[in-house]
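As structure tokens, the structure follows; a few thoughts come after it.
None of the figures in this text is laboratory data; all of them are computed from the coordinates on show. Just so we're clear, the structure is a prediction, and the values are computed from it rather than from any experiment. Here Cβ is always computed from backbone atoms with ideal geometry, including for glycine, and neighbour counts include all displayed protein chains.
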Amino acid sequence: MNYTELQVVSNFSFLRGGSHPEELIQQAAYLGYRSVALADYHSLAGIVRAQVAAEEVGLRLLVGATVLPRNALPEFENLEEPFPSSALLERNFLPLLLYPTDRASYGRLCKLLTRGKQRAPKGECYLLFEDVCEFSDGLQGVFALQRTNRSQAVEAISSLLRSFPRDALSLGISRSYGPQDDETMELACTLAREFELSLVATNDVHYHHPERAMLQDVLTCIRIGTTIHEAGYHLFANHERYLKPPQEMERLFRSLPQAIRRSEEIAERAAGFSLRQVQYHYPHEIIPAGFTALEYLRQETWKGAKQKFPEGVPEKVSKLIEYELQLIEELKYEEYFLTVYDIVTFARSQDILCQGRGSAANSAVCFCLGITSVNPGEMEMLFERFVSKERREPPDIDVDFEHERREEVIQYVYNKYGRHRAAIVAEVITYRGRSAIRDVGKALGLSLDCVNALASAISRWESREVRLELLKSAGLNTDDQAILTTLKLMQTLLGFPRHLSQHVGGFVIANDNLSEIVPIENAAMEDRTVIEWDKDDIDALGMLKVDVLALGMLTAIRKMFEFINSTNPSSLEEDLLRLHKIPADDPDVYKMISRADTIGVFQIESRAQMSMLPRHRPEKFYDLVIQVAIVRPGPIQGNMVHPYLRRRAKQEEAVYPDERIRAVLERTLGVPLFQEQAMQLAIVGAGFTPGEADQLRRAIAGWKRNSKLLLAFHDRIMSGMRSQGYSEEFAVNCFEQIKGFSGYGFPESHAASFALLAYTSSWLKHHYPAAFTAGLLNSQPMGFYQPAQLIRDAQNHQVEVRPIDIHFSNWDCTLEGGALRLGMRLVRGLKKQEAEKIVQTRTRLGGKFLSLRSLWRESGVSTKTLRALAAADAFHSLQLSRQTALWQIQKLKDHLLPLLEQIQAEDDDSQLPLLSEATLVLQDYAQTGFSLKAHPVSFLRPLLERHQVLKTQELYEKERWNRSNARIAGMVLVRQQPETASGLIFMTIEDETGIANLLVRREVYEQYRPIIRQSTFILAYGSVQGVEGVVHVLVRKVEDLSRAFLGYSSQSRDFH
Amino acid sequence: MTVTHARALVGNAEIARFEAKSDLTLLRAIARWASRYTPLSGLCCEFNSEDLDSVHQQLHSGITLDITGSLRLFGGEDVLVQTLQEQLRSFSLTPSIAVAPTVGTAWALARFGGKTLTQIDQNIQPHIKTLPTRALRIDSLSREKLAEVGITEIQQLLQISPGALLDRFGLPLLMRIRQLVGHEDEIIMPVREVHQPHLLHTFSEPIGELATIASVTQKLLIHLLRTLEEKHELVRSLVLIYQRAQTTPAQIRLSLSAPSAAFDYLWPLLLPRLEKLNLGEGILSISLRLLRQSRADTRASSFLDSAQEMDHSTTTTRLLDHLLNGFGGEISRERISKLQLLNSHLPERSFRFSSDPLKTDADFFRAQILIRPSTLFERPLAVKTIALLPDKPPSQVQWRERSFRVVSGIGPERIRGEWWRGDHPDEIRDYFRVQLESGTWIWIYRRVSPLSVPSKAAQTQWFIHGVWA
């Protein structure tokens, strides 16, 4: 006799199961099971990882799902019911377990779940008995009797027997020491006799080991939104729902051996289906009739090559193309490239700018196909470095599209392949330190204050480690049992899936009906459908995924190109500026970058990037690739930045233990900066197979979730390095660096594509600063800086900036000759339609409004619109200031009849108080965040000078560096507390001469917290620290200057 | 600003709730107290009771006194003001007082004058010039609109022609300006004492007949209920005082668990107690005082009366009310308790006796399907047994010095201790329903130590936890 556990839920039955699918599989193997089923509630989300785990331990995974069929769908208005009450409703439904027995019935199960999900709110699944009956063909059903409600059970069984043959339906019973086990058993036997059904034993497994029972109780509390003290009967009465040894199950069912036998029978039938039978096929549309995939790919590649190189394809490139095509053929990637090509071709036909990145993207083939603009002729990029023959990893191309137009691409994909064949990949949202502690703490009944204190005591980086001393300092009792239990359970909860969300842009496209491969659910967003599997699941099953991503900078660059090309008298394609035609390696552009003059530039504009640039001094494209990758948490955590900079400055030599390591690390001066290098280190240094290296990559990414796994790799790497003859020190070092990539590692292939956009945007900034700024402003919100800073930066680059004006501005910013005319989009609270009404009316009236009143009447805009425009001081060409325009608008009444309105006389505004220049500037800032008149700090300058306050510009004079008693004042632009900066707070302040970066230590921050968090203008005391063009002020003391500007308010980026 | 935000700015900020209602009560009390100086003592702006919670009201809170006529009585303005100030300080209040020819000016100066005591004469203008526009008692929208054209002070506002202001801000703004400078009068609404209804019937001679006394009491009650009905109020508690000839008065106090204004409901509660009253030498007078009342929710009551089907819980609550009000007369409320079902698998924690009979039961549904003995022992009784392991009921039980053979047993039902509580968190109990040879069914459990579940017989202990009657 062989017992198989059929009723198992994992933590993909969200907030219900207390173990990962992998844990359940491993435990089953350990207990001696030969096969085990996974039947999550309304979901197949966990089965792929279960399958992978089962293959590893040599266990047979039986695929299944638990459904709760009902007699009627809930009323429409109940759809929005809050979660707890729907949890309460559950007890009205009896669980039915379904197991496919072949590929076709698996498809039906997927379809069944898809139907239930698509008619229910997100995260729920509404199924009727008739739905189950409709798709029942080939499914083995187990009706789990858990309560003794005879009439309900009889009704349900009768419904099911309408379509289930008698040998395909069994009655499931558990001996979990419940309050009425004997009664339930008796009922089951009676029903089995009456309906001629078999009984089958299950243990209703909710966790793999009894030690998870407490966590399961807590999950129940979270699910129904209560505390453990209140949960009462919602919890299981005892902790018996673990995976019990088969012998124990046989003992429990010794009086009913047929129920044990039946489990084996069902298992045998369910074994007729294995997840490996799910075959993926590329969509057929991508290859025209009469071609093979390779023929078509070859044709299109060469066609593209000839266009890209009108003067003839360079030999180097044509060699590359042939080599790559050969590799692609070998790896059978043709269809993948063609699928991406199809999407990109569509985007190009619609003038949507796009740029590919990822392991396969930076190839000559992709360049010719227009997937990327990284020119293989000019960049030293090895395709093989990204697509390796041995690794056999699935090809990976992410394509970024203009953020404003990505939806068009997505809808193209849906339209071309249909919603039944294209869907977005799921993203499993898992518990992180803070969310875990919040939920567990609340469930254990800790006070909100206590929960918050705990949450903030969790170190952001090492979310597994809770610093006890921090807890003590927060006034928490570290001996308190509830707190200790919270911490313990929270550790286990980390990495538990919480719900499914949609991946940012990963699409699966299949030749067949997707809903027969995997259940599909509606996404939170309208018009989106999401499958239940995430990208790792897709990978494991060898399914294609294309990432259709959104990138603001592409929108901006397209707009910049439009500005530049529109001034070009020629409209011939060869004369127009295009992404791939930006001249490479322009030394002036690199000089600009090295000055950290990069506000608005893609990727290298952040404060951290800018402080690195003058030290790094990029001179060629590959330097930018490194620059993009180096200012990331991974390299910073792995202590790789400073060695790299020292070596680049020739202050130290990179030392390589041998030539093989040199080959891996030389291009980054001996420092592993890229994910690819980490893997190559493992292969070369520790003797990993490419397959193992790929596992390592995944382990690194998921390290926070599963530290045990990484520990195993640690031993593997150390022993591997030793056996290859490397020193202990080198090995330790390597491992630490590899670990530094956990979750943040940046692949070289991505860095290359980002670097191209960084270079392109720098080039545009250098050569066309007005078009650059206009393009950025018209693509907001995006990037690191507010419009105000972008405008100021443009002015610093000698761009003439003209104010918003109802006579001259459109919605978007425009170029007037070389000058930048600000658009009405910068007006706060103005709607686009309203602005367009004004522009249309202006055109109709021949470009001239007679008065504010006539503008109002002719355009039909609301007074709210007028107020917004007046607040932005946009009526200057009507000789109206902000004050006088508002004074006039206050008289206008939206609902007043025209006749009455005419009776009102225009009254004079000379009675209004006179406003000072400073007030006007402050009003500018309050309304639009910037002023073209003056900088507010300039009005305080006489006062500041009397107190020896420096101008920000003066900080950059070398003789002031390392002065300890500097004073600096300005308007706060940015406050940031980066996770990498160990408690340091960064502030950027601005005065009339430029900006200054302030560093605030934790203790100083605590002392001046209200000022630092709240004030718009500050006066800072501290020491100037300057190194190679990078200057900071380390702040000792802060004063609030805001009071000098009463009534001022502005927006600044707050802590994130 | 949210509390969280405030805490982020000031770590040790002390947070207190804005209690509009109690603030208002206090203010009314002060106004009543101040009416000793002038009958025209009122709250600054009449509160709209619907709008109590708005923070805006806080600014307006304060009291206004018209002291024009009382100056002589109290020895002139200075003396009066000083007395007021001292008195208020002696109540631990910090007053800010302004005396001015117009209510508007006094209001403004008390709040924005920057001094705790301001007294000005007929010439208002120089004192109000630099006051902010908010000193005008105008709504915040008008203030913002003025600010956006640069008008933040009253003197700037006074520069603008009234016509221009009227077009933009309407009459209220002009009215406030006119009130400020004294071109328009303002009325003070004096506070009045709120009287509880108090009805009295005096007999011309002592009456000893219960029937008469009952009928008068009835009339008084009906009268009271009618008054309450007009005000949409219900009785919560009342007291009847019977003045007896030659001796101390007798009282009947009635407190209701649910407020009511129905005679048919109240009278049966009163009558039995009236019948027991010692009338002594006869009753001289009957007075009826309302002690506490509450507002009637007219919508709900009419719904309840008309609705044919009342849901179960409402009916139960009503019946319970009747029962309790009935008891209440005879048994002191503190001595009534109710068995209340709680949310716990552990039998001894699955109920409690609650002194609040209106507390609702926990998960009734779940509790219903559990089979529990009719008598549950306060403390489980340790007993000796002979039992087969692992999950069989005992075959023999030693109980009350006698040995019983077990005829049949059902179980086990395993219940785990509540691990989140300090006491016996790891305890596991296997309960059996067991019939003894005497015919009695007992509820017996074996205590198991966790994870080492069945095997070690020596460590398992048996307890009887209850019996079926």
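If you take the beta carbon distance between residue B:396 and residue B:426 as r and set R0 to 30 Å, what does 1/(1 + (r/R0)^6) give as a FRET efficiency, to the nearest 0.05?
Taking R0 as 30 Å, the efficiency between residue B:396 and residue B:426 is 0.60.
Assuming a viscosity of 0.692 mPa s and a temperature of 37 °C, what translational diffusion coefficient in µm² per second does Stokes-Einstein assign to the stretch A:502-552, Rh being the Kirkwood radius over Cα pairs?
281 µm²/s
Identify, among A:231, A:883, A:278, the residue whose Cα sits farthest towards the positive end of the charge dipole of the protein assembly as shown, taking +1 on the Cβ of Lys and Arg and -1 on the Cβ of Asp and Glu, with the dipole about the Cα centre.
Of the options given, the answer is A:231.
Dipole magnitude of the protein assembly as shown about its Cα centre, charges +1 at Lys/Arg Cβ and -1 at Asp/Glu Cβ only, in debye to the nearest 20? Mind dumping the intermediate values first?
On the way: 176 positive and 184 negative charges, 583 e Å.
Rounded to the nearest 20 debye, it is 2800 debye.
Applying a 10 Å radius around every beta-carbon, put A:540-553, A:353-366 in order of their mean neighbour count, most first.
A:353-366, A:540-553
In the stretch A:114-159, if every C-alpha pair distance is counted and binned at 5 Å from zero, what percent goes to each bin?
5, 17, 22, 21, 21, 13, 2
Shape call for the stretch A:290-380 from the C-alpha gyration tensor, a ≥ b ≥ c root eigenvalues: rounded (a/c under 1.5), prolate (a/b greater than b/c) or oblate?
It comes out rounded by the Cα gyration axes.
I'm checking a number: the convex hull volume of the Cα atoms of the stretch B:139-214, normalised per residue, in Å³. What is it?
Per residue, the Cα convex hull of the stretch B:139-214 comes to 194 Å³.
Calculate, in whole percent, how much of the Cα-Cα pair population of the stretch A:1-76 lies beyond 14 Å.
Across the stretch A:1-76, Cα pairs with separations above 14 Å total 58 percent.
Residue by residue, what Karplus-based ³J(HN,Hα) values in Hz, rounded to whole numbers, does the stretch A:272-282 have, using 6.51, -1.76 and 1.60 with θ = phi - 60° and x for Gly and Pro?
x, 10, 10, 4, 5, 6, 6, 9, 9, 10, 5
How do A:625, B:3, B:406 rank when sorted from fewest to most other Cβ atoms within 10 Å of their own Cβ?
B:3, B:406, A:625
Tell me, what does the Kirkwood hydrodynamic radius of the stretch A:764-850 come to in angstroms if you use every pair of distinct C-alpha atoms?
Answer for the stretch A:764-850: a Kirkwood hydrodynamic radius of 13.4 Å.
Need the C-alpha centroid separation for the stretch A:998-1012 versus the stretch A:559-604, integer Å.
41 Å
As a footprinting exposure proxy, order B:230, A:5, B:148, A:653 by other Cβ within 10 Å, with the fewest listed first.
B:230, A:653, B:148, A:5
Can you spot the lysines whose alpha carbon is less than 24 Å from residue B:276's alpha carbon? Ignore those fewer than 8 places along the same chain.
B:219
Quick one: what are the phi-derived ³J(HN,Hα) couplings along the stretch A:579-590, Karplus 6.51/-1.76/1.60 with θ = phi - 60°, whole Hz, x for glycine and proline?
Calculated HN-Hα couplings, in order: 4, 7, 9, 5, x, 7, 6, 7, x, 5, 5, 5 Hz.
Helix-only mean residue ellipticity at 222 nm, chain A, DSSP H runs n ≥ 4 weighted -39,500 (n - 2.57), per residue, nearest 500. What is it?
-13000 deg cm²/dmol
Please compute the contact order of chain A in relative form: average sequence separation of alpha-carbon pairs under 8 Å and at least six residues apart, divided by the residue count, as a percent.
This gives 8 percent for chain A.
I'd like the Karplus ³J(HN,Hα) series for the stretch B:259-272: coefficients 6.51, -1.76, 1.60, θ = phi - 60°, whole numbers in Hz, and an x wherever there's a Gly or Pro.
x, 8, 10, 9, 4, 4, 8, 7, 4, x, 7, 7, 4, x
From the P(r) of the stretch B:373-422, could you give the percentage of C-alpha pairs in the tail past 16 Å?
59 percent
What is the set of long-range amide H partners of residue A:520 at a cut-off below 5 Å, with H atoms built 1.01 Å from backbone N?
Those lying under 5 Å, H to H, from residue A:520 are A:114.
How large is log10 of I(q)/I(0) for the protein assembly as shown at q = 0.03, 0.05, 0.08 Å⁻¹ when the intensity is taken from the Debye formula with one equal scatterer per alpha-carbon?
-0.22, -0.62, -1.32
Give me the Å³ per residue figure for the convex hull around the C-alpha atoms of the stretch A:939-1007. Walk me through the intermediate numbers first.
Values: hull volume 7.8 nm³, N = 69.
In the stretch A:939-1007, the Cα convex hull volume per residue is 113 Å³.
Whose amide H sits under 5 Å from the amide H of residue A:178, counting only residues 5 or more places off or on another chain, with H placed in the peptide plane?
Amide H to amide H, under 5 Å and 5 or more residues apart or across chains, residue A:178 pairs with B:414.
Checking the cross-link filter: which lysines have an alpha carbon closer than 24 Å to that of residue B:392, excluding same-chain neighbours under 8 positions apart?
Straight-distance partners of residue B:392: A:244, B:384, B:456.
Can you tell me the order of A:839-848, A:12-21, A:178-187, B:257-266 when each peptide is scored by its average per-residue count of other Cβ atoms within 10 angstrom, highest first? Intermediate results must be reported in sequence, preceding the final value.
Details: A:839-848: 12.4, A:12-21: 24.6, A:178-187: 18.4, B:257-266: 16.3.
Per-residue mean Cβ counts within 10 Å order the peptides as A:12-21, A:178-187, B:257-266, A:839-848.
Just tell me how shielded B:139-151 is by partners: mean number of partner chain Cβ atoms within 10 Å of each residue's Cβ, no decimals. Each step should come with its number before you reach the end.
Numbers: counts 0, 0, 0, 1, 0, 0, 5, 1, 1, 11, 15, 13, 5.
That average works out to 4.
Non-local amide H neighbours of residue A:1016 (under 5 Å, H modeled in plane, Pro and chain starts lacking H): which ones?
Counting only residues 5 or more places away or on other chains, the set is A:1042.
Using a Cα-Cα cut-off of under 23 Å, which lysines could be cross-linked to residue A:559, ignoring same-chain neighbours fewer than 8 residues away?
Cα-Cα hits under 23 Å: A:308, A:581, A:765, A:831, A:832, A:837.
May I ask which residue of B:346, A:216, A:249 lies farthest towards the positive end of the charge dipole of the protein assembly as shown, with charges of +1 (Lys, Arg) and -1 (Asp, Glu) on Cβ and the Cα centre as origin?
Most positive-ward Cα: B:346.
Please determine, in degrees from 0 to 90 and to the nearest 10, the orientation of helix A:433-443 with respect to the longest principal axis defined by the Cα atoms of chain A, where the helix direction is its Cα long axis.
Roughly 60 degrees, rounded to the nearest 10.
Would you work out the Kirkwood radius for the stretch B:123-269? I mean one over the mean of 1/r across all pairs of different Cα atoms, in Å.
Every distinct Cα pair counted, the radius reaches 21.1 Å.
Between Rg and the Kirkwood Rh of the stretch A:535-624, both from Cα atoms, what is the Rg to Rh ratio?
1.11
Taking the Cα-to-Cβ direction at residue A:309 and at residue B:262 and moving 7 Å from each Cα, how far apart do the two end points lie in nm?
According to this spin-label approximation, the distance is 9.7 nm.
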